[in-house]
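Written out below as structure tokens is the structure these notes cover.
Read-outs throughout are calculated quantities, based only on the coordinates presented, and are distinct from any laboratory measurement. No experiment lies behind these values; they were computed from the predicted model shown. Cβ sites come from the backbone with ideal geometry, for glycine too, and all protein chains shown count toward neighbours.
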Ligand code: HDE
């Protein structure tokens, strides 16, 4: 025990335990407060002398409960968690700005859409839906795309998803739908997966889900990263002009880098290799100054269009094809800063659909109306106080004044005598009929009923339209996804019920899935409430492959190299990638690095054992023959190549690398995706080929 309290003694280790702790550690360690390091204090501000030992009687105890520093530290630690979100628990956020690029003053009085060139701060949180906070990123799932825009007229939260439709038509079904997709309550698994009986039982009993099921079984549910996905407000909203005229509006975010997804076999492996793949991607891109960007587009329409459209614009299981109603670009969203602290910002951010500025209003979509209740309610549960708007990430950035007071954790209370209005003390604030929010004065009448409108009854036509709008490759992925998911369903009756729905969507799809599930006879098609339409024109905007990037910008090449690698070939790839705006990471037998042909030392980014090719968009094998021969004996190196091939990636290779290709069962001239790299001029061509992202023609040969 130490008895000394003198300042000089305080700079030395107190006890033998402290010395053991620091023995042998290098670096600029400050063990005690000095001119550079402030004193550690309790939350009450009291300086702490020792943070390694509890107060005891003698060095071997017993411990004393009067040790207030110990008690406060443990008490606070015990209460560090807040309830995770019931849905969208796993998420990742970033700061940025929204820049208005088109004035919409004709349609809305919302201040944010008045002045071209004006920038408004935003915070965005991306998420998966079903998994808990610690689940993996590459679940087959919908992605949340929630945007909080700190406008000059208060916060506008556009709480969207990466799919433009939803599973259900009425918010009252949400708890059932979410219960069904989450872990089954008796066994508490599976985590972050829809491939289980409860989910498919619910879905197969819910025909209104069929359109969304096509989306969730498509590659949209396994995006390459947040940076390569679209966002949708889903519901029809209203713009309200200065003259109180209303225009219906749907919101769409379009990624500047184009759309991109991974394949399922890859997703499963990414989850093992890097469960934080999407988080890391956003973090790395923003830290590298490669700021992700989206264009905000609006689909604007009036009541006449709504009346003439094939489906009810209030039905959140329907979309308006872009070919019928062109999305108009009105702004850009740029994410350029990571939060300083994940908990303070990303975990505590409270999105609420009811946060709309004057000039943006709700439609009668029954799901939107239900959401407007749920999001406020859920914040009280999660953040524990009606004062959650006092948390900086949730506070408006414009001036605000109200008479709300007190409650848990009140950081701001009214100043002065008046805490009500009107008052005789000359103290504000007061309502502002001119600037304030006014609902659109829609005429509403009718009986109070528990009814779904007839106009919501067609559950299959748009599901069919979505399926038929996909390329052959994407259609195959949908069939494979359905087969995988339903193969995890134990009850044959649920599998059959699902196939009976698929028969209303597309006969070939139903037959393929039934066949792959080993179903011995086809069930009867499900009864459709209204005849399924086969006259809806395919919408190319719904395909990912049709809307890929024209560039390899923002993507990543994994270069497998080893001692003896040709320095020039390595340099050429790095240069070509840099010119394209793509990233290169060096994968080597050991993370320390490699010595190239001319004796130069190159530090590696990864060891091949820990960095399979699923983490890259394309790979290059820049190896001497010796090294390639050595690597044929390494399972991870063989898998690196075999997986890149199986996942239809472009593979650049030096002649020396052919033994490794051969060991993975690949002949160098098998298809256009295998690109020799021996000539230094080949590197730019290799990178240019990568713009196509994948060699889909290979998929039939691979038979994953
Ligand atoms: Fe949500 N949803 N939701 N949702 N939702 C929540 O709110 C809810 C729906 C969406 O990153 C919860 O703060 C109901 C559609 C996102 O923090 C909760 C219904 C869309 C996020 C809630 C829906 C969404 C949520 C849980 C009616 C796309 C994450 C935690 C069927 C347009 C926001 C929270 C974030 C979160 C309720 C349907 C998007 C419980 C009742 C449709 C992106 O309030």
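Brief remarks follow.
- Three-way shape label, the chain, alpha-carbon gyration tensor, a/c 1.5: oblate
- Sites residue 307 and residue 59 - FRET efficiency at Förster radius 60 Å, r taken between beta-carbons, to 0.05: 0.10
- FRET efficiency estimate (nearest 0.05) - Cβ-Cβ, residue 372 to residue 325, R0 35 angstrom: 0.90
- Approximating the spin labels as points 7 Å out from Cα along Cα→Cβ, the residue 454-to-residue 400 distance works out to 4.5 nm.
- Among 460, 97, the order by Cβ neighbours within 10 angstrom, fewest to most, reads 97, 460.
- Estimated FRET transfer efficiency (residue 115, residue 66; beta-carbon r; R0 51 Å; 0.05): 0.25
- Cα-projected label distance for residue 443 with residue 82, points at 7 Å along beta-carbon direction, nm: 4.5 nm
- Extension gain, residue 245 back to residue 553 (0.36 nm per residue minus Cα-Cα distance, nm): 106.6 nm
- Label point at residue 516 placed 7 Å out along Cα→Cβ; residues across the range 684-704 whose backbone nitrogen lies under 20 Å: 694-704
- Sorted by Cβ neighbour density within 10 Å, fewest at the top, the residues 424, 613, 49: 424, 49, 613
- The modelled label-to-label distance between residue 432 and residue 36, using points 7 Å beyond Cα along the C-beta direction, is 5.0 nm.
- Gain on full stretching of the segment that runs from residue 605 to residue 191 - 0.36 nm per residue minus C-alpha separation: 145.9 nm
- Order of 133, 254, 148 - criterion: other Cβ atoms within 10 Å of each residue's Cβ, fewest first: 133, 254, 148
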